[in-house]
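A short reminder: the numbers here are calculations on the coordinates, not readings from a lab. Just so it is clear, the model here is predicted, and its values are computed rather than measured. Cβ placement follows ideal geometry from the backbone for every residue including glycine, while neighbour counts extend to all protein chains displayed.
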Amino acid sequence: MCHTDLQKEIRHLAEAKRAVILAHYYTEAAVQDVADFVGDSLALAQQAATTDADIIVMCGVHFMAETCKILSPSKKVLIPDPAATCSLAESCPGDAFAEFVRQHPGHKVISYVNTSAATKAVTDVVVTSSNARQVVDSFPADQPLIFAPDRNLGSYLNSVTGRNMLLWDGACHVHERFSPAKILEQKALHPQAKVLAHPECKAAVLRLADVIGSTARLLNYTVESDEDEFIVVTESGILHEMQQRSPQKTFIPVPPEVSEMPGCSCNECNYMRLVTLEKLFRCLRDESPEVTLPEELRKRAEQPIRAMLRLSK
Ligand code: 13P
Ligand code: SF4
């Protein structure tokens, strides 16, 4: 089937089954185009918490589908490809992290939403890149804090909040690959362009950025700004929505420092790209693969996510 036919079939199935299709900005354009809602990880969690659909299909990575199940336990949650994990979530196994927390009594624990339910279960408050600063600031200045798993986001938060949070040593394989040299190359070619970067990038990259923020914040900036050109230092899937919202503006992806694909000018999350229209179609048709969780674990993981949602209203 061609893309257009598949998209029609997917919409037909979604309506017949009362399913809502949620997609992250990093998925491929054809998947974003067929979704009911496209957003950053905070907005996707907020949608999952409030939807009245019977089925939630999460076109994103596994922790995002798990978050849907944690927040909407009575709904069937489907993921087109369960192999779509996340290098940050993988870098922080629940048992090792629980031991790390035990070794640091007196600390409150803040975890990025890019974690497994087991890691969230030993967390006080979850954050996304949209609300991380606000959540960190909500703790008294003298409260010792642990932040996991992204050392780059953690260092960035330490620098802007003046904290000295203890950091877990994880990183995103996509954002780690951006280098100052490649950004400077693009700046030389496009001197007027604003540099937009996700806070999962290394400090040396963030120092070159005009705007640092979550995918939603970077997108909103491109819509609201009077500027015409943007160098985008995050996963290249976001360029689709940026271009849709501002067709007259120019968006320049930054190539990774070491590209596995000769001639590749973009930076893609290989996990997000496992989500294809074909898999989405089969997953809706067969109502499988489904994401489930033991109830005791689900409840423990729910508390820190609810704490985040309360702080993000
Ligand atoms: P956002 O919180 O900006 O959606 O980012 C999620 C993510 O996986 C970044 O790599
Ligand atoms: Fe995880 Fe990085 Fe992919 Fe985001 S881009 S889902 S942090 S591996």
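Taking amide H positions as placed in the peptide plane 1.01 Å from N, state which residues far from Ile252 in sequence (5 or more) or on other chains have amide H under 5 Å from it.
Result for Ile252 returns Phe230, Ile231, Val232.
Gaussian network model of the chain, Cα springs within a sub-10 Å range: biggest mean-square fluctuation belongs to which of Pro144, Pro93, Pro105?
Pro105
Would you work out the relative contact order for the chain, in percent, from Cα pairs under 8 angstrom that are 6 or more residues apart?
Value for the chain: 22 percent.
Could you tell me what percent of the DSSP beta bridges with both partners in the chain are antiparallel, to the nearest 5?
Counting DSSP beta bridges with both partners in the chain, the antiparallel share is about 5 percent.
Through the Karplus equation 6.51 cos²θ - 1.76 cosθ + 1.60, θ set to phi - 60°, convert the phi angles of the range 140-157 into ³J(HN,Hα) values in whole Hz; use x for Gly and Pro.
x, 4, 8, 7, x, 10, 10, 10, 9, x, 8, 5, 6, 4, x, 5, 4, 5
Around Glu229, with a cut-off of 10 angstrom between Cβ atoms, what is the net charge of the other residues, counting Lys and Arg +1 and Asp and Glu -1?
0
Which of the listed residues, Ile110, Thr292, Gly154, is farthest toward the dipole's positive end in the chain, when Lys, Arg count +1 and Asp, Glu count -1 at the beta-carbon?
Among Ile110, Thr292, Gly154, the one farthest towards the positive end of the dipole of the chain is Ile110.
For the chain, rounded, prolate or oblate, judged on the Cα gyration tensor with a ≥ b ≥ c (square roots of eigenvalues), a/c < 1.5 rounded, else prolate if a/b > b/c?
oblate
Structure shown: which of Lys120/Lys279; Lys76/Lys313; Lys17/Lys76 lie over 18 Å apart, alpha-carbon to alpha-carbon?
Lys120/Lys279; Lys76/Lys313
Straight-line reach only, C-alpha to C-alpha below 14 angstrom: list the aspartates and glutamates that Lys194 could link to, leaving out same-chain residues fewer than 8 apart.
Straight-line reach from Lys194, under 14 Å: Glu185, Asp210, Glu224, Asp226, Glu227, Asp228, Glu229.
I'd like to compare 43-49, 82-88, 8-14, 220-226: which one has the highest average count of other Cβ atoms within 10 Å, and what's the full order after that?
43-49, 82-88, 8-14, 220-226
Ranked from highest to lowest mean number of other Cβ atoms within 10 Å per residue, what is the order of the peptides 232-243, 166-177?
In descending order of packing, they fall as 232-243, 166-177.
Output the relative contact order of the range 1-89, whole-number percent, from Cα pairs under 8 angstrom with separation of 6+ residues.
So the answer I get is 24 percent.
Provide the net charge surrounding Glu287, with neighbours chosen by a C-beta distance below 11 Å and charges set as Lys +1, Arg +1, Asp -1, Glu -1.
Here the charged neighbours net out to +1.
Between Ser179, Ser159, Ser91, find the one with the highest GNM mean-square fluctuation for the chain; connect C-alpha pairs within less than 10 Å.
Taking springs between Cα atoms under 10 Å, the residue moving most is Ser159.
Assuming R0 = 30 Å, what is the FRET efficiency of Ala16 and Ala83, from their Cβ-Cβ distance, to the nearest 0.05?
For R0 = 30 Å, the calculated efficiency reads 0.65.
Taking every pair of alpha-carbon atoms in the range 185-251, what share in percent sits in each 5 Å bin, from 0 to the bin with the longest distance?
4, 19, 32, 27, 15, 3, 0
Under unit Cβ charges (Lys, Arg +1; Asp, Glu -1), what dipole magnitude, rounded to 20 debye, does the chain have relative to its Cα centre?
640
Can you tell me the relative contact order of the range 110-168? Whole percent, Cα pairs under 8 Å, sequence separation 6 or more.
With pairs under 8 Å counted, the relative contact order is 33 percent.
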